[in-house]
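Colleague: One structure is given below, represented as structure tokens, and several questions about it will come after.
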Amino acid sequence: MTSENQTMVTEFLFSIFPHLHEGGLLFFVPLLIVYVFIITGNLVIVIVVQLDTALRTPMYFFISVLSFLEIWYTTTTIPKMLSNLVSEQKTISLAGCLMQMYFFHSLGITEGCVLTAMAIDRYIAICHPLRYPTIMTPRLCIQLTAGSCLCGFLLVLPEIAWMATLPFCGSNQIHQIFCDFTPVLSLACTDTSLVVIVDAIHAVEILASFLVITLSYIRIIVVILAMPSAEGRHKAFSTCAAHLAVFLLFFGSVAVMYLRFSATYSVFWDTTIAATFVILAPFLNPIIYSLRNKDMKDAIGRLFRSQKTA
């Protein structure tokens, strides 16, 4: 119950960001560089996969989808962070906060589903190479992508719709770098115990994706180690290494953040973990998929050479 003299909150304050004169600019410039790199790097990957016929395979199709999602995933949070670092008003409206949470988590879940589809693709390619062309058809790739988007954008909707009905009063300070479920729900002046059920559903989704990817790669590693040719083993490992690195980085940070159950972290560690999957993982993904991938590097080189001769 709330008392009659309590003021209803219509906007939230990001109290964790420093003011401009307190060193906000020192964080603003590196974050802006990182954001520009994320957008440019992922955009280059999407364009190269679309234009280069050598990359028109299921694996690179999923990489381009992941890069496309990453552009929007970071755009839901980083521009607002940049604004908070240089603006005196570090606020966001209730509606804006709910929208940020919806798109951030929807895109994040979609990415997790696409990573799962990529693991299945690598499993079929290495464990059932003769059947691979007939199983992983362009139609199936599109269906898996559409299913991933559907799962991502529908799964979060009930929780956001429920949160939109909650009254917020008293403190409006969010101790996080973006709007997230736990920091926002802690400001509600009503019973929010229902969130435990929703969190359990999200935990099942994260663990299911993690289990599918882990089992796929255990089987892949067993098959690769049984290959008689050292060259064949090296080639098979190299095609999977990039995806495995992205998987560990993405699911590792997400698991620490959202599978904590009753565990609580300090504001510093909460912020550090959030920055890992909001900033660091998207920053490293273009590097992993381009600089660590010979086919992608060759395709990017061909694209730039063709632009110079045009």
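Colleague: If the Cβ limit is 8 Å and pairs must be 6+ apart or interchain, which residue in segment 125-148 that is closer than 15 Å to I220 by Cα and free of Cβ contacts under 8 Å to residues at least 12 places away in the same chain pairs with which residue that is open to solvent by less than 40 Å² (accessible area, probe 1.4 Å) and of a type in the set (S, T, N, Q)?
Modeller: Note: no pairs meet the criteria.
Colleague: For segment 172-184, what are the residues that are in a helix (DSSP H, G or I) and at pLDDT below 90? Let's see the steps before the verdict.
Modeller: Step one: of segment 172-184, the residues in a helix (DSSP H, G or I) are 181-184.
Matches in segment 172-184: F181, T182, P183.
Colleague: Looking at V36, is it surrounded by 16 or more Cβ atoms within 10 Å (Cβ to Cβ) and either under 18 Å from E88 (Cα atoms) or not basic (K, R) (or both)? Give the steps one after another, and end with the answer.
Modeller: Values: surrounded by 16 or more Cβ atoms within 10 Å (Cβ to Cβ): no; either under 18 Å from E88 (Cα atoms) or not basic (K, R) (or both): yes.
Here the answer is no, as V36 does not meet what is asked.
Colleague: Here is a follow-up. Go through I221, I273 for me and flag whichever is open to solvent by less than 80 Å² (accessible area, probe 1.4 Å), under 19 Å from the mean Cα position of the chain (by Cα), on the phi < 0 side of the Ramachandran plot and of a type in the set (V, I, T). Show your work before the answer.
Modeller: Details: I221 fails: under 19 Å from the mean Cα position of the chain (by Cα).
Being open to solvent by less than 80 Å² (accessible area, probe 1.4 Å), under 19 Å from the mean Cα position of the chain (by Cα), on the phi < 0 side of the Ramachandran plot and of a type in the set (V, I, T) holds for just one of I221, I273, which is I273.
Colleague: A further question follows. Of the residues that sit in segment 144-161 and are hydrophobic (A, V, I, L, M, F, W, C) and more than 16 Å from L194 (Cα to Cα), which one is surrounded by the most Cβ atoms within 10 Å (Cβ to Cβ)? Let's see the steps before the verdict.
Modeller: As a first pass, look at segment 144-161 and keep what is hydrophobic (A, V, I, L, M, F, W, C): 144, 146, 149-151, 153-157, 160-161.
Imposing the further condition that a residue be more than 16 Å from L194 (Cα to Cα) reduces the set to 144, 146, 149-151, 153-154.
Numbers: L144: 22, A146: 10, C149: 18, L150: 12, C151: 18, F153: 16, L154: 11.
Ranking the qualifying residues of segment 144-161, first place goes to L144.
Colleague: Check H105 against each of (1) within 30 Å of P183 (Cα to Cα); (2) in contact with a helix residue (DSSP H, G or I) (Cβ under 7 Å, 6 or more places away or on another chain); (3) buried (at least 21 other Cβ atoms within 10 Å of the Cβ) and name the one condition it does not meet.
Modeller: If we test H105 against (1) within 30 Å of P183 (Cα to Cα); (2) in contact with a helix residue (DSSP H, G or I) (Cβ under 7 Å, 6 or more places away or on another chain); (3) buried (at least 21 other Cβ atoms within 10 Å of the Cβ), just (2) comes out false.
Colleague: Next up: Any idea how many residues of segment 212-236 are closer than 14 Å to M118 by Cα, without any contact (Cβ under 8 Å) to a residue 24 or more places away in the chain and of a type outside the set (A, V, I, L, M)?
Modeller: Our first condition is that a residue be closer than 14 Å to M118 by Cα; within segment 212-236, this holds for 212-217, 220.
From what is left, the residues that are without any contact (Cβ under 8 Å) to a residue 24 or more places away in the chain are 214-215.
Those still in the list that are of a type outside the set (A, V, I, L, M) too: 214.
Here the count works out to 1.
Colleague: Provide a single number: the residues in segment 208-259 that are modelled with pLDDT under 85 and polar (S, T, N, Q).
Modeller: Total meeting the criteria: 4.
Colleague: In the set L248, L284, which member is touching a Leu at 6+ places or on another chain (Cβ under 8 Å) and either in contact (Cβ under 8 Å) with a residue 60 or more places away in the chain or part of a helix (DSSP H, G or I) (or both)?
Modeller: Numbers: L248 fails: touching a Leu at 6+ places or on another chain (Cβ under 8 Å).
Of the residues listed, the single one that is touching a Leu at 6+ places or on another chain (Cβ under 8 Å) and either in contact (Cβ under 8 Å) with a residue 60 or more places away in the chain or part of a helix (DSSP H, G or I) (or both) is L284.
Colleague: Considering only segment 231-269, how many residues are open to solvent by less than 30 Å² (accessible area, probe 1.4 Å) and within 27 Å of S15 (Cβ to Cβ)?
Modeller: Result for segment 231-269: 3.
Colleague: With respect to I197, is the statement that it is part of a helix (DSSP H, G or I), surrounded by fewer than 16 Cβ atoms within 10 Å (Cβ to Cβ) and either among the hydrophobic types (A, V, I, L, M, F, W, C) or in contact with an Asp or Glu (Cβ under 9 Å, 6 or more places away or on another chain) (or both) true? Give the steps one after another, and end with the answer.
Modeller: Working: part of a helix (DSSP H, G or I): yes; surrounded by fewer than 16 Cβ atoms within 10 Å (Cβ to Cβ): yes; either among the hydrophobic types (A, V, I, L, M, F, W, C) or in contact with an Asp or Glu (Cβ under 9 Å, 6 or more places away or on another chain) (or both): yes.
In short, yes.
Colleague: What is the one condition in (1) more than 21 Å from L144 (Cβ to Cβ); (2) surrounded by fewer than 22 Cβ atoms within 10 Å (Cβ to Cβ); (3) among the polar types (S, T, N, Q) that Q50 does not satisfy?
Modeller: (1)
Colleague: Provide a single number: the residues in segment 61-93 that are among the aliphatic types (A, V, I, L, M), open to solvent by 40 Å² or more (accessible area, probe 1.4 Å) and out of contact with any Gly (no Cβ under 9 Å at 6 or more places or on another chain). Don't jump to the end; show me each part of the working.
Modeller: At the first step, the residues of segment 61-93 found to be among the aliphatic types (A, V, I, L, M) are 63, 65-66, 69, 71, 78, 81-82, 85-86, 92.
This time we only want the ones that are open to solvent by 40 Å² or more (accessible area, probe 1.4 Å), so: 86.
This time we only want the ones that are out of contact with any Gly (no Cβ under 9 Å at 6 or more places or on another chain), so: none.
Residues meeting the conditions: 0.
Colleague: Checking S186 against (1) open to solvent by 50 Å² or more (accessible area, probe 1.4 Å); (2) within 22 Å of G112 (Cα to Cα): exactly one of these is not met. Which one?
Modeller: Unmet for S186, out of (1) open to solvent by 50 Å² or more (accessible area, probe 1.4 Å); (2) within 22 Å of G112 (Cα to Cα): (2).
Colleague: Residues being on the phi < 0 side of the Ramachandran plot and at pLDDT below 90: count how many of those fall in segment 160-171. Write out each step before concluding.
Modeller: Taking segment 160-171 first, the residues on the phi < 0 side of the Ramachandran plot are 160-169, 171.
Then keep just the ones that are at pLDDT below 90; that gives 169, 171.
Count: 2.
Colleague: Still on this model: Tell me which residues, restricted to segment 287-297, are part of a helix (DSSP H, G or I) and either in contact with a helix residue (DSSP H, G or I) (Cβ under 6 Å, 6 or more places away or on another chain) or at pLDDT below 85 (or both).
Modeller: Correct list: I288, Y289, S290, K294, D295, M296, K297.
The values are calculated or read from the model by the stated rules, or taken from the named source; none is laboratory data. Fair warning: this is a prediction, and the values are worked out from it, not measured in the lab. In this analysis, Cβ positions are derived from the backbone assuming ideal geometry, glycine residues included, and neighbour counts consider all displayed protein chains. Remember, those area values only see protein heavy atoms, side chains included, never the ligands or the DNA or RNA. Shrake-Rupley method; radii C 1.70, N 1.55, O 1.52, S 1.80 Å.
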